[in-house]
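What follows is a short report on a single structure.
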Amino acid sequence: MSLRNLSRQRIKVLFGIMLLFVLAIMVQLVRVQYGPYAPVFAKRVEVAESLSDEVVPVRGLIYDRDGDLLAVNAPMYYVEVEIIQLTPASRREIAGVLSQVLNLPYDDLRNQLEADWEGAEQYRIRLRMTTEAGNDWPIIVDQVVADMLNAFLADPEAPDLSGLDLVPAPQRSYPVGALAGHVMGFVNQLGEGFFGVEGYYDDWLTGQGISVQGGTVPLQASRLPDTPAGVNLVLTLDLDIQQMVTDILSQAIDDSGAESGQVVVMDPNNGEILAMVALPQLDSNHYEPWLPEDEEEEEPVINPIVAGQFEPGSTFKVLTMAAALDADVVEPDDIFVDEGVIEVGGVQIRNWNGGKWGPQTMTGCMEHSLNVCLAHIAVDELHANQFYAYLEAFGMGQLTGIDVAGEVSGQIRTPRHPEWTDADLGTNSFGQGISTTPIQLVTAVGAIANEGVMVQPHLVRTVVGPEGEYWPQTTVLGQPVSAEAAEQLTQMLYESLQGETNFARVEGYQLAGKTGTAQIPDEFGYDPTWTIASFIGWGPVSDPQFVVLVRIDRPETSPWGSVIAAPVFRDIVERLVVMLAIPPDDLPQGLVAGQVE
Amino acid sequence: MKRRKKQAYKKGEQRLPTRVSDRVLLPVVAFLLISGFYLAVHSRHARVGREVLLLEEEKAELVREQAELTSTLAELTSPAHLLEQAEALGFRPASYHDMDFLEIDGYIPPAPFVPERPPGGLEHGDGALAPAFTETLGERLFSWLGWGR
């Protein structure tokens with residue numbers, strides 16, 4: 001072979017190799033572009049290059065005042081399926097495994113896997129489930145299930161789960177379960193907070209997402225920026241007090257056969273909520289039963305302490321008497337002769353037992369909870385304008401502004417209301433014909449415990465963000481009554497607690513308080529069977545450090561607040577003084593608690 | 001003289017395909033060299049990018065594991081759980097009858113709890129990399145010529 005031929009031969013071989021190389025590249029390009037996996041690649045590229053690939057920051061954590069975690073972000077996973085990778089066997093196995101592990105209906109899962117998703121141009125689906133309440137939710141599995149499914153995917157001997165994929169999704173988790181559910185609210189599967197602290201501080205807790213381009217394309221990869229995380233919140237709540245109150249209230253509801261109950265414990269000096277318990281509990285981890293099944297269904301009341309209106313009954317007399325003392329229209333020792341009935345606006349008002357109590361001091365009126373006496377004070381001494389001006393100053397019919405979502409304002413009819421009558425003045429004086437929320441009542445009565453100064457109740461003690469800490473200051477809502485009037489009333493209610501309502505006494509501690517037994521309004525007037533038993537009290541009277549409201553709905557064993565709610569107040573305070581290290585009254589205040597050896 | 005001509009012809013005969021191959025192959029080889037270089041740089045870039053993505057995934061996994069541990073720890077230290085444990089060990093909640101109070105001079109109550117700050121949300125810079133690693137030739141030229149930028 002001549003040199004020339006040899007060279008030509010070599011050139012041909014070289015060209016041939018290059019041609020093959022180019023052809024191979026072209027075949028691969030055609031295969032990727034038009035082969036069976038083409039739609040999957042196309043979808044992935046679309047997602048990878050999507051402009052709106054959002055990096056969601058971690059939702060802020062929530063602690064109680066001692067640092068116990070109330071809300072964390074637990075790793076959870078959506079169950080997704082890449083349709084193109086499914087095989088007949090894997091459709092069967094995926095449905096079977098998920099059905100057994102998650103206790104879901106097999107047929108429902110199988111139907112989802114068999115549907116014509118490619119016809120609908122969907123190549124990746126998120127499997128869904130129907131909850132007991134009938135809601136349609138994506139299936140979410142926890143780390144344990146995810147580990148098991150991943151082990152199946154990695155094991156060739158395990159069931160064929162080809163096409164199954166677990167996509168991480170941070171999920172809100174509440175380690176203490178239902179203990180503080182009504183306070184916390186909940187976070188839905190889209191990461192949006194509803195009700196409670198989660199709802200009120202949703203924007204702060206969520207942080208700010210950042211859009212990144214081509215987050216999964218290696219050539220465009222770069223270190224992701226830290227997204228501005230949501231703030232961490234420290235609540236005023238004390239989880240130990242919350243647990244103690246829950247246990248006592250739960251026992252009381254069981255013993256009395258009541259339907260529900262609520263307790264609020266607040267520091268009247270600064271408005272910090274130490275405990276906020278509502279039973280039945282809301283478990284924020286499983287909030288679905290609290291969602292209405294359809295739009296026509298009435299929404300259940302989440303956190304009835306801020307959203308549950310009720311006629312307060314005799315606990316409201318505290319405000320009427322405070323107004324009268326402040327307006328200087330009565331003195332604690334003034335005598336009122338109780339005839340057992342008083343007519344106001346054509347309506348006859350009688351005492352709770354229909355009895356005639358004869359001459360009574362103002363302290364006696366409070367001790368025996370005399371409707372006639374209080375109606376007389378409102379109608380004949382205070383008169384309508386002054387009475388309602390005081391109620392407005394106490395915040396009745398207005399939001400307290402507490403930092404939980406879903407607060408309602410309660411309702412009050414004043415003389416400006418077209419349907420208001422004189423009879424309203426008489427009944428309002430002892431807490432009938434007026435609706436309030438437990439938090440409103442605690443806030444208003446807290447003013448009596450705090451020398452007449454009413455402070456805004458709040459649940460967040462510290463906000464900790466990336467830039468630093470923020471300590472919300474105490475907000476004074478006003479001073480509805482003078483310190484002198486508040487002190488007089490506290491003394492009157494301390495004395496009355498020694499008498500009729502001695503179920504609420506705690507040995508060694510001077511406490512003030514008032515019972516309440518309220519009728520429940522219905523479409524025919526008032527329910528003849530059921531009542532709301534309540535008690536509101538504070539102490540120690542020399543330096544009040546707590547206000548406690550107990551409300552028990554529809555007790556079966558007794559209708560009276562003195563029998564049902566007052567002992568609950570006592571049981572709570574007996575433990576509260578230990579937890580707050582409050583020494584008995586015969587010892588100087590401010591000492592440090594210690595255990596007897 | 002004749003012999004020289006013949007030799008020259010013979011050499012010329014060999015040079016013809018050489019010239020052809022020079023004209024065709026040299027640009028091809030140059031193209032392949034540049035392409036190869038480009039591919040090498042690009043594939044290295046892709047490999048590093050892939051490594052970055054894997055590290056990001058690893059970081060996300062660690063964050064998830066930490067969240068799982070935090071959640072478990074919070075469950076184990078919840079009041080209900082601790083109360084149960086304490087009762088199992090024979091303890092009971094203290095009553096106010098059990099308490100004695102002592103006056104301690106100079107007692108300072110514990111500082112209120114403050115949690116750690118959440119991540120800052122600042123974009124990472126290029127760390128300690130010198131400009132030579134990141135600046136383009138254009139930027140360098142502009143800088144050298146003192147044209148600002």
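A few notes on this one:
- Angle between chain A longest axis and helix A:438-449 axis [Cα atoms, degrees, rounded to 10]: 50 degrees
- Tail weight of P(r) past 41 Å, computed on alpha-carbon pairs of the protein assembly as shown, percent: 50 percent
- Scanning residues 5 or more positions from A:W357 or on other chains, those with amide H under 5 Å from its amide H are A:D338, A:G340, with H placed 1.01 Å from N in the peptide plane.
- P(r) tail fraction, the stretch A:53-235 - alpha-carbon pairs more than 24 Å apart, %: 51 percent
- Three-way shape call for the stretch A:413-457 based on the alpha-carbon gyration tensor, with the a/c threshold at 1.5: prolate
- Cβ-based exposure ranking for A:M362, A:M184, B:M99, A:M26, in which fewest neighbours within 10 Å come first: A:M26, B:M99, A:M362, A:M184
- In a DSSP loop and with at most 10 other Cβ atoms within 10 Å, the GluC sites (Glu not before Pro) in the stretch A:71-157 are A:E121, A:E132, A:E157.
- Tilt relative to chain A, helix A:3-34 - C-alpha long axis, 0 to 90 degrees, to 10: 30 degrees
- Chain A: angle of helix A:383-393 to the longest principal axis, Cα-based, in degrees nearest 10: 40 degrees
- Structure-based [θ]222 nm, chain A - -39500 (n - 2.57) summed over DSSP H runs of at least 4, per residue, nearest 500: -10000 deg cm²/dmol
FYI, it's all coordinate maths here, none of it is from the lab. These figures come from a predicted structure and were not determined experimentally. When we count neighbours, we look across all protein chains shown, and the Cβ atoms used for this are built from the backbone with ideal geometry, even at glycine.
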